[in-house]
Structures are given as C-alpha cells and as structure tokens.
Amino acid sequence: MEIKFWIEKNWGGSIDLAAVPEVIAAFEEMKLNDNQQAAFWIGCHDEEYVLKIQKDQTLYFIYGENQDLELKVKSRSWDEISSLTSLFINGQFVLLQAQISKLTSDTAGQK
C-alpha cells in the first residue's frame with residue numbers, strides 16, 4: 001500500500017496528495033529561496049507523523065497521538081536530510097526516529 005503525503009511550504013503553496021517528485025521539487029525550491037527562514041512540512045495522511053525541514057538544515061520529526069512530541073536535529077548536509085526524508089517517505093518511521101536520536105546523541109557528544 002502506497003503511503004499518502006501532503007506538503008505545506010511557508011513561502012506559499014501546498015500539495016494534498018504529494019509523491020516523491022513533489023518532495024524533490026520542494027527541496028529545490030527551498031534551496032533557491034532567498035528567505036533564510038524557508039521551511040516546508042511533509043505529513044502522512046494515515047499516520048500522526050510530520051517532518052519539518054528548514055533551509056538552515058534543521059530537521060524536526062513530529063509525532064505522537066496529538067503530534068505533541070518532536071525530535072530535532074541540525075543536519076550536517078543536504079544528503080543527510082535527503083536520506084532521512086527517504087525513510088519518512090518509505091514509511092520507516094521507527095527507523096527514522098532511531099536515526100535522528102542517534103544523530104542527536106552523536107552531535108551532543110561532539111560539543
């Protein structure tokens with residue numbers, strides 16, 4: 001079963017039934033956007049998961065019954081964010097949560 005997603009961009013526009021090409025397009029639009037506060041959200045229609053991606057390469061994984069929990073990581077690269085986003089799009093939410101937790105603890109250990 002294919003997972004259905006939505007995308008919301010803070011510079012305008014939303015997509016109710018998004019797929020991988022729309023996610024890639026949102027990444028490219030954000031990278032080209034002059035607004036340093038640019039961000040977009042990818043949400044799962046059937047689950048309580050949202051991914052927020054900011055231009056400064058900060059990524060939030062929002063989850064929980066009321067979407068009241070979040071994990072935040074400041075990524076080292078767009079490739080890393082792309083990899084995490086792929087986990088989200090493929091419905092690998094538990095693995096995504098584990099990866100972000102690992103990255104967060106790795107970053108904390110480097111300070």
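A few points about this structure:
- Condition met for Ala26 (over 15 Å from Ser86 (Cα atoms) and either touching a Pro at 6+ places or on another chain (Cβ under 7 Å) or of a type in the set (Gly, Ala, Ser) (or both)): no
- Residue list for the stretch 68-86, filter: touching a strand residue (DSSP E or B) at 6+ places or on another chain (Cβ under 9 Å) and closer than 13 Å to Ile42 by Cβ: Ile81, Leu84, Thr85
- The set of residues from the stretch 1-16 being assigned to a strand (DSSP E or B) and in contact (Cβ under 8 Å) with a residue 24 or more places away in the chain comprises Phe5, Trp6, Ile7, Glu8, Lys9.
One line per residue, one yes/no per condition, for (1) touching a helix residue (DSSP H, G or I) at 6+ places or on another chain (Cβ under 7 Å); (2) open to solvent by less than 60 Å² (accessible area, probe 1.4 Å):
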position: Gln54; (1), (2): no, yes
position: Ile62; (1), (2): no, yes
position: Asn66; (1), (2): no, no
position: Phe88; (1), (2): yes, yes
position: Leu103; (1), (2): no, yes
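- Only one entry in Ile15, Ile81, Ile24 is open to solvent by less than 40 Å² (accessible area, probe 1.4 Å) and under 20 Å from Ile3 (Cα atoms), namely Ile81.
- If you go through the stretch 1-12 and keep only what is modelled with pLDDT under 90 and open to solvent by 70 Å² or more (accessible area, probe 1.4 Å), you end up with Met1, Glu2, Lys4.
- Test for Asp46: is it surrounded by fewer than 16 Cβ atoms within 10 Å (Cβ to Cβ), farther than 16 Å from Gly12 by Cα and touching a residue at least 40 places away in the same chain (Cβ under 8 Å): yes
The values are calculated or read from the model by the stated rules, or taken from the named source; none is laboratory data. Everything numeric in this text was worked out from a predicted model, so none of it was measured. Here Cβ is always computed from backbone atoms with ideal geometry, including for glycine, and neighbour counts include all displayed protein chains. With ligands, DNA and RNA removed, areas are computed over all heavy atoms of the protein, side chains included. Shrake-Rupley method; radii C 1.70, N 1.55, O 1.52, S 1.80 Å.
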